[in-house]
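Worksheet: the structure to be examined is printed underneath.
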Amino acid sequence: MTGPQIAQKAPFKVDVEAGKSYFWCACGRSRKQPFCDGSHKGSEFSPIKYDATLAKAVFFCGCKHSHKAPLCDGTHSKL
Ligand code: FES
Ligand code: FES
């Protein structure tokens, strides 16, 4: 078992749309960061769903080590 791959040591800022659902990549292997593209298949990871209630800027974790996934909690600065 291995940990998630670090996509980048910084969050991805995304302007989300109200009422839309997003699937955050937990494994770090997606080529469509910060979202899942199915590359996790065969691993122990699966995406985490984020339901946007408001249209706003969201900082999705890019390092995949956040304790508040799918959102950045600053953990990337300690990696
Ligand atoms: Fe990473 Fe799906 S590609 S969780
Ligand atoms: Fe992962 Fe900030 S990018 S905690």
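Descriptive notes on the structure:
- Condition met for residue 28 (within 20 Å of residue 77 (Cβ to Cβ), crowded, with 16+ Cβ neighbours inside 10 Å and near ligand 1 (Cβ under 8 Å from one of its atoms)): yes
- Looking only at region 36-79, and only at residues there that are part of a loop (DSSP other than H, G, I, E, B) and among the aliphatic types (A, V, I, L, M), the one that is most open to solvent (accessible area, probe 1.4 Å): 54
- Residues of region 38-59 that are under 12 Å from the mean Cα position of the chain (by Cα) and over 15 Å from residue 4 (Cα atoms): 49, 50, 58, 59.
To keep it simple, each residue is scored yes or no on (1) without any contact (Cβ under 8 Å) to a residue 40 or more places away in the chain; (2) in contact with a helix residue (DSSP H, G or I) (Cβ under 8 Å, 6 or more places away or on another chain); (3) among the charged types (D, E, K, R).
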| residue | (1), (2), (3) |
| --- | --- |
| 2 | yes, no, no |
| 5 | no, no, no |
| 15 | no, no, yes |
| 39 | yes, no, no |
| 58 | no, no, no |
| 68 | yes, no, yes |
| 72 | no, no, no |
| 75 | yes, no, no |
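- Members of region 6-25 found to be part of a loop (DSSP other than H, G, I, E, B), open to solvent by less than 90 Å² (accessible area, probe 1.4 Å) and within 16 Å of ligand 2 (Cβ to nearest atom), listed by number: 6, 7, 8, 10, 11, 25
The values are calculated or read from the model by the stated rules, or taken from the named source; none is laboratory data. Keep in mind that this is a model prediction, so the values were computed, not measured. Here Cβ is always computed from backbone atoms with ideal geometry, including for glycine, and neighbour counts include all displayed protein chains. For accessibility, only protein heavy atoms count, side chains too; no ligands or nucleic acids. Shrake-Rupley method; radii C 1.70, N 1.55, O 1.52, S 1.80 Å.
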